[in-house]
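K.L.:
There's a structure below that I have some questions on.
The values are calculated or read from the model by the stated rules, or taken from the named source; none is laboratory data. Computed from a predicted structure; not experimentally measured. In this analysis, Cβ positions are derived from the backbone assuming ideal geometry, glycine residues included, and neighbour counts consider all displayed protein chains.
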Amino acid sequence: MGAILDEIQRSDAIVLASPMNFGTVTAVMKQFVERLVRCAYWPWGMAAPKVRQRARTKRAVVVASSAAPGMIGRWFTSLVGLLKKVARLLGARRIDVLFLGLVALEQRPDLGARAQAKAGGWAAKLARHRCP
């Protein structure tokens with residue numbers, strides 16, 4: 001985990017992605033999130049942990065998918081919110097979201113023109129982004 005976090009720290013951008021399982025991220029992503037405990041500490045006498053301060057210089061994109069309709073999956077579950085919290089914890093100052101709903105309707109769903117345009121625009125922004 002230390003090597004992964006070191007690599008993320010050196011990066012200019014972060015892409016976090018997960019399909020929805022039971023209203024939240026997959027078990028593998030959940031394990032990653034839980035292991036981010038090293039990004040926080042719990043001072044004696046405090047009621048809650050504190051996040052280790054790090055400069056927010058990165059750009060991030062959160063990509064999520066769901067068998068549920070996009071509006072329900074994005075706004076009525078914790079999936080996107082959790083991934084955005086992780087992005088901020090890892091140093092992101094700007095976070096864009098691409099949420100794909102109804103992905104279980106077809107065995108190989110086609111990424112629509114609107115989603116392709118969004119993804120392409122964010123890919124270009126991430127490629128141009130440089131930390132100050």
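K.L.:
Which condition from (1) modelled with pLDDT under 80; (2) touching a strand residue (DSSP E or B) at 6+ places or on another chain (Cβ under 6 Å); (3) of a type in the set (D, E, K, R) is the one that residue 110 breaks?
P.N.:
Going through (1) modelled with pLDDT under 80; (2) touching a strand residue (DSSP E or B) at 6+ places or on another chain (Cβ under 6 Å); (3) of a type in the set (D, E, K, R) one by one, residue 110 breaks only (2).
K.L.:
I'm trying to understand the selection: among the residues of the range 57-109, which are part of a loop (DSSP other than H, G, I, E, B), small (Gly, Ala, Ser) and surrounded by fewer than 16 Cβ atoms within 10 Å (Cβ to Cβ)? Walk me through how you get there before you give the answer.
P.N.:
The first filter runs over the range 57-109 and keeps only residues part of a loop (DSSP other than H, G, I, E, B), leaving 57, 66-69, 76-78, 90-91, 101-109.
In the following step, the residues that additionally are small (Gly, Ala, Ser) were identified as 66-68, 78, 91, 101, 104.
Result: 67, 78, 104.
K.L.:
Report yes if some residue within the range 38-50 is more than 15 Å from the chain's Cα centre (by Cα) and part of a helix (DSSP H, G or I); otherwise report no.
P.N.:
Just the residues of the range 38-50 that are more than 15 Å from the chain's Cα centre (by Cα), to begin with: 38-50.
From the residues that got through so far, the ones that are part of a helix (DSSP H, G or I) too are 38-39.
Yes, there is a match, as at least one residue in the range 38-50 is more than 15 Å from the chain's Cα centre (by Cα) and part of a helix (DSSP H, G or I).
K.L.:
Being more than 16 Å from residue 101 (Cβ to Cβ), touching an Asp or Glu at 6+ places or on another chain (Cβ under 6 Å) and touching a residue at least 24 places away in the same chain (Cβ under 8 Å) narrows it down to one of 33, 61, 15, 51, so name that one. Break it down stepwise before answering.
P.N.:
On the way: 33 fails: touching an Asp or Glu at 6+ places or on another chain (Cβ under 6 Å); 15 fails: touching an Asp or Glu at 6+ places or on another chain (Cβ under 6 Å); 51 fails: touching an Asp or Glu at 6+ places or on another chain (Cβ under 6 Å).
So the residue among 33, 61, 15, 51 that is more than 16 Å from residue 101 (Cβ to Cβ), touching an Asp or Glu at 6+ places or on another chain (Cβ under 6 Å) and touching a residue at least 24 places away in the same chain (Cβ under 8 Å) is 61.
K.L.:
Going through the range 25-37 one residue at a time, which ones are outside any loop (DSSP other than H, G, I, E, B) and of a type outside the set (A, V, I, L, M, F, W, C)?
P.N.:
30, 31, 34, 35
K.L.:
Something else about it: Can you say whether residue 119 is outside any helix (DSSP H, G or I) and among the hydrophobic types (A, V, I, L, M, F, W, C), as far as the supplied structure shows?
P.N.:
On the way: outside any helix (DSSP H, G or I): no; among the hydrophobic types (A, V, I, L, M, F, W, C): yes.
Spelling it out, it is not the case that residue 119 is outside any helix (DSSP H, G or I) and among the hydrophobic types (A, V, I, L, M, F, W, C).
K.L.:
Picking from 128, 94, which residue would you name as being free of Cβ contacts under 8 Å to residues at least 12 places away in the same chain and either closer than 30 Å to residue 50 by Cα or charged (D, E, K, R) (or both)?
P.N.:
Checking each option against the conditions leaves just 128.
K.L.:
Would you check which residues across the range 110-119 are loosely packed, with under 10 Cβ neighbours inside 10 Å and of a type outside the set (D, E, K, R) and list them?
P.N.:
Scanning the range 110-119 gives a single hit, 113.
K.L.:
Any residue at all in the range 2-24 that's outside any strand (DSSP E or B), of a type in the set (Ser, Thr, Tyr) and more than 14 Å from residue 87 (Cα to Cα)? Don't jump to the end; show me each part of the working.
P.N.:
Narrowing the range 2-24 to residues outside any strand (DSSP E or B): 2-12, 20, 22-23.
With the extra rule that they be of a type in the set (Ser, Thr, Tyr), the set shrinks to 11.
Applying the additional criterion that residues be more than 14 Å from residue 87 (Cα to Cα) yields none.
No: the range 2-24 contains no residue that is outside any strand (DSSP E or B), of a type in the set (Ser, Thr, Tyr) and more than 14 Å from residue 87 (Cα to Cα).
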